[in-house]
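Read through the structure below, which is laid out as structure tokens, and then see the notes.
The values are calculated or read from the model by the stated rules, or taken from the named source; none is laboratory data. Quantities reported herein were computed from a predicted structural model and do not represent experimental measurements. Virtual Cβ from ideal backbone geometry, glycine too; neighbours counted across all protein chains shown.
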Amino acid sequence: MSIAPHVDARRIVPHWNSTLVLASIVVSFLGAFTSTQLIVQAKTSRYLSAVIVWSIIASLTFGFCSIWCLHFIAMLACELDLPITLNVPLTILSAMLAVSFTWIALAFDLVSEWVDDGAVDDVSETDTTSRTSWSGFMGSRRTSGSGVTSSDTSLGLGRFASVKRDQGTTSSNRNPFVATALALYMGFDTHNIAKGFVWSLAITGMHYSGISALDIPHGFCHLDFKFVILSALISWIVCVVGCILLSSMEVRLGQQVLFSVIATTGVASMHFTGMHAADFWSTDPPSEDRGYPPALVVAIACIAVTTCLAANGLLAHSTTLARNKLAEIIYTRKNLWAAIAQKENAEAAALARSDFIASASHEIRSPIHQLQGYSDLLARSNLDDESRLLLHAMQDAIRSLSLITTTVLDWSRLEQGEAICRPTAVDVRRLCESVLNVLPSKDEDCDVELLIAVAPDVPDSLFIDETYLHRIIMNLLSNSLKFTSSGHVLLQIKLVDQDMVVTVMDTGNGIPEAFLPDLFEPFKQAQSRGPQRGTGLGLSIVKQLLEKMKGTIHTESKDRNDHPDQSGTIFTATFPVQLAAENSTAHPKLSGKLGFLGPTGSRTLEGVSTCCSLYGLETVVLDSRKRIPSDLDYVWASVEYLRSNPTVFQSLKDDEHVVTLIPFDDDKALLKLIGNAPGANILPFRRPLMFHKIAPLMIDPSRKAIRPDALSRTVRFASVVDLLDGDEGPEDRAKAIQPTSDNSMSESAETITPPAKIVMLVEDNKVNQRLGSKMLKSLGYEVIIANDGQEAVDLVVEHAHEIDAILMDQSMPVKDGLAATREIREMEKNGTLPLRNGARRPIIAVTAVVGTHAEAMCRAAGANDFLPKPLSLSKLRQTLEFFLVDFEDG
């Protein structure tokens, strides 16, 4: 269509079709409203691809349906009296201008917002991950002025949370008019003005290119530029308003409807102003065949409505998916909250249980301390055999009760993570001997040989946590002894490269194969009934301690039901150790051949053979009916076997080139067998059998027969009570029955003469006061008693030149032991309390409050040592002798 004037042309007066005008407005409103839904969907999308897709659909509904379709249908509503055709390329160009520039305007803000929110979400997620705890997550609530919870980002709702934050700025403005006005006020800036200007150029171009697409027969269009400029200004205003409101679009229906009305009104105003600017001229007369193709309006309207319906269908599908996902998130969050609540309840219950165990342990240890102390004192008195048997049974029960209490407390500390590995220089052989002191004695009816074999190449000093190793060995041995009624229990320790390998073998009942996976679980036991039932914590503690030492444990077992003659269990614990700088002591290896005499089928031979091979001895089984081979160096036979075979024993005594090793635990039975003058080739040694003690005697050429008077002074219970001569340790007990010099053998059993030093006992329990006083006096010390920490401070000031050592309880009224210790150390430091022989007085904490934390607090307060209750008399004596010797030396 030409726009040039023509002299003969007539002006065509248009007639407006009100139905089409109304249809154009309806289609425009439908497109605008749908676009608001799509914009909100794009704003809540997590991924950039989704933002772009939803923005394209929004540009179709707004640019095509709301803007272009209104323009096109309303232009068709301007009916002319001539047949009108359309320039298809220009019509397509006008539609592309509306859609493309609308998408650019919408996508620019949406993508920018997505990038900004993505960066914020990343920071929020990192911050939340680093700071949010489970309890904090449970306590997340909506904050004032914001609709977002602190856990939105943790649930993957970052983009949705950003929309909710935008809503929070206008949450108090429920009125859509006020909210829209506020959004226009806040968004009216040069950025939106410039963006709206560019967008309006495209919309204005769309409008006039659409008018130019009208093909009027022999006609043209004349434009009134005043109205052209006015329509462009209206377009600019509408586009600026669109840029502001679409970028801040919310999910409120009222605000969306208001925007749709504003957009439709603005687009319609711009269109009809532009149509008013155009005058149509033609040289042809009016025609009966007038107007546009009749199906064109219906086609355009159908396309617009179908586009909006398709967009709403996609929205409905997306909303359904989002609703399902939100329902799943809510369900998951509820389950998570329930799990967290259960976890917190379990933690609270575990904490309460640990506190109860600690408190109960303190209360139980005090009477156990009294029982053990008085039983040790009773062991130092003159008792007949029957009384000593009863005392032994009582001490064994006390030791078992103390072991159970310690096991439960160890488990409580491991649960709380309080156990800390502290490697120190440890003599493994002495540690094994100390383990025997706390192990319950075996049943009288059990024929079990307890063997201890530390390889000769294991040095005297290794860096390892002594407490951990002691507990591991004790738990493994006590477990094997509990389930073994015949045969042997063997503890073998050796070094493989830089690892220590602790192996405990037994010939007990074995473990069912089905139970092996649960063997180290707490409170799980293969045998749930009978006298062997325990706490179910021993092996679990072993595993946890080994994990802290970066070690492992392996179990092999044969159940008695499946292997009646080969039943038993082997525990092998492996963990790294560090050699000490000086390991000069050499431990001898043996050579030669050892013959074993014993009942047919005895499984004790297995354990003895394993120990002998570790020390370099070859073992063979002898037949008592045959002559003893001449190539033998040693013969192993128990007291019970030799008593039942006197002919064999006589031949062994007569064969001087063979040394006969006789393990025993009953002095009378041994004396009855060997008599008062045994031969030089008879070497008895007391059970339990420690090969690092036996080996030097086997190769020592100055070996002598044991003296009868030494046996008479040695009681059967030397391993579990304090002897009159005070030699209660494994090493000293061995000396009591092993060949020694005449000078050492002539020592009297009543020669305990500790120096007459003064020890202050700080204890609030009257029973413990009497017990402690008796124990100290039995060791030869004078005693001063203080009832609480404050009295202890007053007495130490009053008797500053007399008190040599202090035994300090921890939990006391008025002033506890920690405060009293700190005050005494502070007075010694500032000179208020004079030093004793130029040194600080030893303060030894003696308390039923046990554990690494309690010990650390006592040492931090100034205590020199920490002795947990129950306290044996021997341990008290050793500790006082150690500190008072150092104290005396200054």
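Points worth noting:
- Matching option when the condition is surrounded by 12 or more Cβ atoms within 10 Å (Cβ to Cβ), touching a residue at least 40 places away in the same chain (Cβ under 8 Å) and in a helix (DSSP H, G or I), among LEU409, LEU378: LEU409
- Scanning region 777-802 for residues that are in a helix (DSSP H, G or I) and touching a residue at least 40 places away in the same chain (Cβ under 8 Å) turns up SER778, VAL796.
- The single condition among (1) more than 30 Å from ASP289 (Cα to Cα); (2) at pLDDT 85 or above that ASP224 does not meet is (1).
- Qualifying residue in region 615-631 (condition: surrounded by 21 or more Cβ atoms within 10 Å (Cβ to Cβ) and touching a helix residue (DSSP H, G or I) at 6+ places or on another chain (Cβ under 8 Å)): yes
- One residue from ALA845, ALA819, ALA863 being in contact with a helix residue (DSSP H, G or I) (Cβ under 9 Å, 6 or more places away or on another chain) and assigned to a helix (DSSP H, G or I): ALA819
- For region 803-814, the candidate set comprises residues that are among the β-branched types (Val, Ile, Thr) and not in a loop (DSSP other than H, G, I, E, B); within that set, the residue that is surrounded by the fewest Cβ atoms within 10 Å (Cβ to Cβ) is ILE803.
- Scanning region 606-633 for residues that are of a type in the set (A, V, I, L, M, F, W, C) and at pLDDT below 85 returns a single hit, ILE628.
- All of ARG877, ARG825 fail the test of being among the basic types (Lys, Arg), buried (at least 20 other Cβ atoms within 10 Å of the Cβ) and part of a helix (DSSP H, G or I), apart from ARG877.
- Taking region 574-684 as the region of interest, the strands (runs of 3 or more DSSP E) fully inside it that hold 1 or more residues being within 51 Å of the chain's Cα centre (by Cα) are 618-621, 659-664.
Conditions (1) on the phi > 0 side of the Ramachandran plot; (2) of a type in the set (Gly, Ala, Ser); (3) not assigned by TED's automatic domain parsing to the domain that holds SER94; (4) not in a helix (DSSP H, G or I), marked per residue:
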site: THR204; (1), (2), (3), (4): no, no, no, no
site: GLY210; (1), (2), (3), (4): no, yes, no, no
site: PHE220; (1), (2), (3), (4): no, no, no, yes
site: LYS226; (1), (2), (3), (4): no, no, no, no
site: ILE229; (1), (2), (3), (4): no, no, no, no
site: LEU246; (1), (2), (3), (4): no, no, no, no
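Conditions tested, residue by residue: (1) touching a Ser or Thr at 6+ places or on another chain (Cβ under 8 Å); (2) within 30 Å of HIS15 (Cβ to Cβ); (3) crowded, with 22+ Cβ neighbours inside 10 Å.
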site: ILE56; (1), (2), (3): no, no, no
site: HIS71; (1), (2), (3): yes, yes, yes
site: LEU82; (1), (2), (3): yes, yes, no
site: ASN87; (1), (2), (3): yes, yes, no
site: ALA107; (1), (2), (3): yes, no, no
site: VAL115; (1), (2), (3): no, no, no
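- Among the conditions (1) surrounded by 20 or more Cβ atoms within 10 Å (Cβ to Cβ); (2) at pLDDT below 90, VAL885 misses just one, which is (1).
- Residue within region 617-638 that is of a type outside the set (S, T, N, Q), free of Cβ contacts under 8 Å to residues at least 40 places away in the same chain and within 30 Å of PRO459 (Cβ to Cβ) present: yes
- So LEU383, is it closer than 17 Å to LYS777 by Cβ, surrounded by fewer than 19 Cβ atoms within 10 Å (Cβ to Cβ), out of contact with any strand residue (DSSP E or B) (no Cβ under 8 Å at 6 or more places or on another chain) and modelled with pLDDT of 75 or more: no
- Residue count for region 192-222, restricted to those that are within 16 Å of CYS239 (Cα to Cα) and surrounded by 14 or more Cβ atoms within 10 Å (Cβ to Cβ): 15
- When TRP636 is tested against the conditions (1) modelled with pLDDT under 85; (2) under 23 Å from ASP700 (Cα atoms); (3) crowded, with 20+ Cβ neighbours inside 10 Å, the lone failure is (1).
- Failed condition for ASP279, given (1) of a type in the set (Asp, Glu); (2) surrounded by fewer than 11 Cβ atoms within 10 Å (Cβ to Cβ); (3) within 30 Å of LEU82 (Cβ to Cβ): (2)
- Flag if ILE52 is more than 21 Å from GLY219 (Cα to Cα), surrounded by fewer than 19 Cβ atoms within 10 Å (Cβ to Cβ) and over 60 Å from the mean Cα position of the chain (by Cα): no
- Among the residues of region 785-799, none qualifies, meaning not one is touching a Gly at 6+ places or on another chain (Cβ under 8 Å) and of a type in the set (D, E, K, R).
- On the stretch given as region 759-787, residues that are in contact with a Lys or Arg (Cβ under 6 Å, 6 or more places away or on another chain) and of a type outside the set (A, V, I, L, M) total 1.
- Looking only at residues of region 742-773 that are out of contact with any Asp or Glu (no Cβ under 7 Å at 6 or more places or on another chain) and modelled with pLDDT of 90 or more, we find that the one that is surrounded by the fewest Cβ atoms within 10 Å (Cβ to Cβ) is SER773.
- Test result for ASP443, surrounded by fewer than 19 Cβ atoms within 10 Å (Cβ to Cβ), closer than 25 Å to LEU873 by Cβ and either at pLDDT below 70 or touching a Ser or Thr at 6+ places or on another chain (Cβ under 7 Å) (or both): no
- Checked against (1) without any contact (Cβ under 8 Å) to a residue 24 or more places away in the chain; (2) under 17 Å from ILE541 (Cβ atoms); (3) not polar (S, T, N, Q), ASP497 meets all criteria but (2).
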